[in-house]
Amino acid sequence: MKLSKTVDGQPCWFEIASSDPARSFAFYAGVFGWTKADQDLGEMGTYSFLANGNGAIGALCALPPGDAGPSRWSVYFQVADCDAAAKRVESLGGTVVAAPFDVQGHGRMLVATDPGGATFCLWQPTTPGGGEMAMFEDHAIGWVELATRDVPAAQAFYGALLGWTCERSTSNAMPEGVTYVEYAVGGTRYGGMLEMTKEWGDMPSHWAVYVLVPDVDATVARALELGGANPVPAFDAAGVGRIALIAEPTGAYCYVIRLAR
């Protein structure tokens with residue numbers, strides 16, 4: 001499925017900041033078949049737009065100067081007014097880490113953390129109605145998930161900030177007593193909020209992406225061939241699908257999933 005236009009409130013862009021962009025791209029090209037188109041941003045370096053066969057997936061860039069890493073994915077959510085959203089973030093108990101600024105020719109953005117400490121970005125596109133994104137198809141993002149220790153607080157924060165409608169999952173894939181809430185924008189479900197239990201240790205709250213693939217085990221094998229890692233081996237989640245966590249050679253990680261339906 002290729003979304004014709006992104007809408008306010010949805011995850012609208014995905015970005016990999018890498019300590020070695022060339023090495024990272026070789027990995028993603030080899031595992032998912034992604035291509036890139038480079039744009040010179042002057043002092044900000046090269047920004048590479050990533051695509052599969054149908055459209056844009058996101059982008060790849062170098063870590064900011066002075067940032068020692070690790071490499072990481074960032075998730076952007078679309079808003080109509082970035083400056084108004086910044087005020088809303090703080091009134092709801094979040095923190096604006098980087099105040100709204102213009103990305104010339106593309107839009108306006110900010111970086112923030114939610115009350116649980118998870119980092120996210122907000123994006124106000126220059127073009128009214130947003131841009132085009134390939135999602136919900138093989139080798140594209142199909143699910144965007146927050147791991148947090150306080151699901152109700154996260155639900156209240158993002159619901160008020162981005163207008164999400166949320167519903168507790170009835171899937172049998174979750175261990176007994178673990179809360180999982182799915183969020184939707186305009187009737188389309190884009191992801192969920194997962195309760196972090198003591199088994200997560202001291203890992204901070206964070207956003208993660210799931211890339212849809214036709215064969216999880218083959219994807220994991222290819223990732224390992226290309227110097228990646230498999231921190232969470234492939235497993236079957238009842239009623240959901242087969243899932244694994246892979247990490248590229250510079251450390252950025254994402255989930256891969258083959259849906260059961």
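The values are calculated or read from the model by the stated rules, or taken from the named source; none is laboratory data. Values in this document were obtained by computation on a predicted structure and should not be read as measured data. Positions of Cβ are generated from backbone atoms using ideal geometry, with glycine treated the same way; all protein chains shown enter the neighbour counts. Keep in mind that these areas ignore ligands, DNA and RNA; they rest on the heavy atoms of the full protein, side chains included. Shrake-Rupley method; radii C 1.70, N 1.55, O 1.52, S 1.80 Å.
Can you say whether E182 is within 25 Å of E167 (Cα to Cα), charged (D, E, K, R) and modelled with pLDDT of 95 or more, as far as the supplied structure shows?
Here the answer is yes, as E182 does meet what is asked.
List, please: which pairs have Cβ atoms under 6 Å, are six or more places apart or on different chains, and start with a residue in the range 178-200 that is free of Cβ contacts under 8 Å to residues at least 60 places away in the same chain and end with one that is surrounded by 15 or more Cβ atoms within 10 Å (Cβ to Cβ) and assigned to a helix (DSSP H, G or I)?
Within 6 Å, the pairs are T179/V151; V181/V151; V181/Q155; M193/V151; M193/A154; E195/V151.
Considering the range 30-62 alone, what residues qualify as being outside any strand (DSSP E or B), aliphatic (A, V, I, L, M) and touching a helix residue (DSSP H, G or I) at 6+ places or on another chain (Cβ under 9 Å)?
Result: V31, single match.
When residues of the range 176-186 are filtered for being closer than 24 Å to V211 by Cβ, in a loop (DSSP other than H, G, I, E, B) and open to solvent by 30 Å² or more (accessible area, probe 1.4 Å), how many remain?
1
What number of residues in the range 217-261 are farther than 17 Å from S18 by Cα, assigned to a strand (DSSP E or B) and open to solvent by 60 Å² or more (accessible area, probe 1.4 Å)?
Summing the residues that are farther than 17 Å from S18 by Cα, assigned to a strand (DSSP E or B) and open to solvent by 60 Å² or more (accessible area, probe 1.4 Å) in the range 217-261 gives 7.
Do you know which residues across the range 143-167 are part of a strand (DSSP E or B) and open to solvent by 10 Å² or more (accessible area, probe 1.4 Å)?
W143, E145, T165, C166, E167
When the range 11-33 is examined, which residues are found to be over 28 Å from Y158 (Cβ atoms) and either surrounded by 14 or more Cβ atoms within 10 Å (Cβ to Cβ) or touching a residue at least 24 places away in the same chain (Cβ under 8 Å) (or both)?
Matches in the range 11-33: S19, D20, P21, R23, S24, F25, A26, F27, A29, G30, V31, G33.
Go through (1) under 23 Å from A80 (Cβ atoms); (2) open to solvent by 50 Å² or more (accessible area, probe 1.4 Å); (3) in a helix (DSSP H, G or I) for R189 and report which single condition fails.
(3)
Just one of the numbered conditions (1) surrounded by 14 or more Cβ atoms within 10 Å (Cβ to Cβ); (2) over 18 Å from L110 (Cβ atoms); (3) modelled with pLDDT of 95 or more; (4) not polar (S, T, N, Q) is not true of L3; which one?
(3)
Quick check, is P115 in a loop (DSSP other than H, G, I, E, B) and more than 25 Å from V211 (Cβ to Cβ)?
Considered against the rule, which asks whether it is in a loop (DSSP other than H, G, I, E, B) and more than 25 Å from V211 (Cβ to Cβ), P115 comes out as yes.
Given the structure, is G107 under 18 Å from the mean Cα position of the chain (by Cα) and farther than 15 Å from Q155 by Cα?
No, not satisfied.
In the range 34-47, which residue that is buried (at least 17 other Cβ atoms within 10 Å of the Cβ) and either aromatic (F, W, Y) or modelled with pLDDT under 95 (or both) is nearest to D67 (Cα to Cα)?
Of everything passing the filter in the range 34-47, Y47 is nearest to D67 (Cα to Cα).
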